[in-house]
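Participant: One structure, as structure tokens, below. Some questions next.
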Amino acid sequence: MHDALFQPLTMGALNAQNRIFMAPLTRGRAAEPMFTPNEMMATYYRQRAGAGMILTEATGISREGLGWPSAPGIWSEEQVEGWKATTKAVHEEGGLIVMQLWHMGRLVHPHFLDGEAPVSASATQAPGQAHTPIGKQDYAMARELSVDDIRRVVGDYRHAAENAKKAGFDGVQLHGANGYLVDQFLRDSSNLRTDEYGGSPENRTRFMREVLEALIDVWGADKVGIRLSPNGETQGVDDSDPAATFGAAAKVCEALGLAFVELREPGPDGTFGSTDVPKQNPVIRKAYSGPLILNSDYTAEAAEEAITSGICDAVSFGRPYISNPDLETRIAKGAHWNPNKDVPKSWYFPIPEGYIDYPTLAEEEAERAAAQSA
């Protein structure tokens, strides 16, 4: 059953044991006030090491770039040491784990910045409110990054990539999706610049390219990937011509020889960011010849069909992995999934409940057998 999902996949120097990947999932379990990974997180990732590849929760490259309560960072030695427990745990189970590198740009509330304004491609303000330790707060007007600022931020990405290597990860993924800093540069609703980083789609990919080049300098292209969200509005960021913008982005990925590209592509009925804007994976597939990973509301059947048809090479599952630590086993055996619907509070509370207490299929079966024999 679902044979295509259980074939190995080589992505540059990364070798996945199956094509059921764990998508990045912010969970808010790092230790405050230093955004430090802990043993609870190591347990969480160990439980899910059967995924073909784990893409970690988005991880802040700098204090400037991180504005989510209890999310982890990777800019300090303390954070590096904290992450080592996670990489060790996943590797002990034979798993593959790649760190997603994150700068939130204008979505960082000044609360996290000692009152300073966040930064972005241009002086814009995101709609809605930010999650902060003191409750929801309106987003603030961002400060446009100068060219010197951009060089500094690229340096922060490089430093984070070096730290990810020290922490024992197998590679890194650039978070270029969901309305965060790279996406703010890519799309024309948030990038209003008139210099070499703005205007044409090719110019708007310049920041993304420079960051990827820094990551490649550290890791090699065969261990670097990217996540993009090419269709529809997300967190106030949108584009008037997604085919042109993300076609240009895909050409950069091809020229640099990235190990993989992952796309979050919701449809009209998506659980997060539903949209009628057409999916752009056909455009990207034409420009980028490497492994393509698709994400957003896939069932096992839909994932199997997408891989078999050649639309993609793997599928990353997000929310199903929250409550199914052995999701790949359940798919292999055709077992029931618990999608953890209607309990979003458990996703982000910094406690074990709703995080590391979900049973595996084997544990469920043992419990049923014990109840029947009692």
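Participant: In the range 246-293, what count of residues is obtained for those that are among the β-branched types (Val, Ile, Thr), modelled with pLDDT of 95 or more and closer than 23 Å to ASP188 by Cα?
Facilitator: 4
Participant: Another question about this same structure. Tell me whether the range 125-148 contains one or more residues that are touching a residue at least 24 places away in the same chain (Cβ under 8 Å) and in a helix (DSSP H, G or I).
Facilitator: yes
Participant: Go through the range 201-235 and count every residue that is crowded, with 18+ Cβ neighbours inside 10 Å, farther than 30 Å from LYS165 by Cα and out of contact with any strand residue (DSSP E or B) (no Cβ under 9 Å at 6 or more places or on another chain).
Facilitator: Of the residues in the range 201-235, 3 are crowded, with 18+ Cβ neighbours inside 10 Å, farther than 30 Å from LYS165 by Cα and out of contact with any strand residue (DSSP E or B) (no Cβ under 9 Å at 6 or more places or on another chain).
Participant: For a quick check of your reading: which strands (runs of 3 or more DSSP E) sit entirely within the range 10-119 and have at least 3 residues that are buried (at least 19 other Cβ atoms within 10 Å of the Cβ)?
Facilitator: It comes to 20-22, 97-102.
Participant: So is ASP239 more than 18 Å from ALA58 (Cβ to Cβ), modelled with pLDDT of 95 or more and assigned to a helix (DSSP H, G or I) or not?
Facilitator: No; evaluated as a whole, the condition is false for this residue.
Participant: Here's something else I'd like to know. Of all residues in the range 328-371 being at pLDDT below 85 and among the polar types (S, T, N, Q), which is nearest to PRO133 (Cα to Cα)?
Facilitator: That would be SER346.
Participant: Right, here's the next one. Any residue in the range 62-90 that's among the hydroxyl-bearing types (Ser, Thr, Tyr): show its pairings with residues that are assigned to a helix (DSSP H, G or I) at Cβ separation under 7 Å, as long as the two are six or more apart or on different chains.
Facilitator: Qualifying pairs under 7 Å: SER62/ASP156; THR86/MET41; THR86/ALA42; THR86/TYR45.
Participant: Which helices (runs of 4 or more DSSP H) does the range 283-374 wholly contain that include 1 or more residues that are surrounded by fewer than 19 Cβ atoms within 10 Å (Cβ to Cβ)?
Facilitator: It comes to 300-309, 327-333, 345-348, 361-373.
Participant: Evaluate the following for TRP75: is it of a type in the set (Phe, Trp, Tyr), at pLDDT 95 or above, under 17 Å from LYS165 (Cβ atoms) and in contact with a Pro (Cβ under 8 Å, 6 or more places away or on another chain)?
Facilitator: no
The values are calculated or read from the model by the stated rules, or taken from the named source; none is laboratory data. Quick caveat: nothing in here was measured; it's all calculated off a predicted structure. Virtual Cβ from ideal backbone geometry, glycine too; neighbours counted across all protein chains shown.
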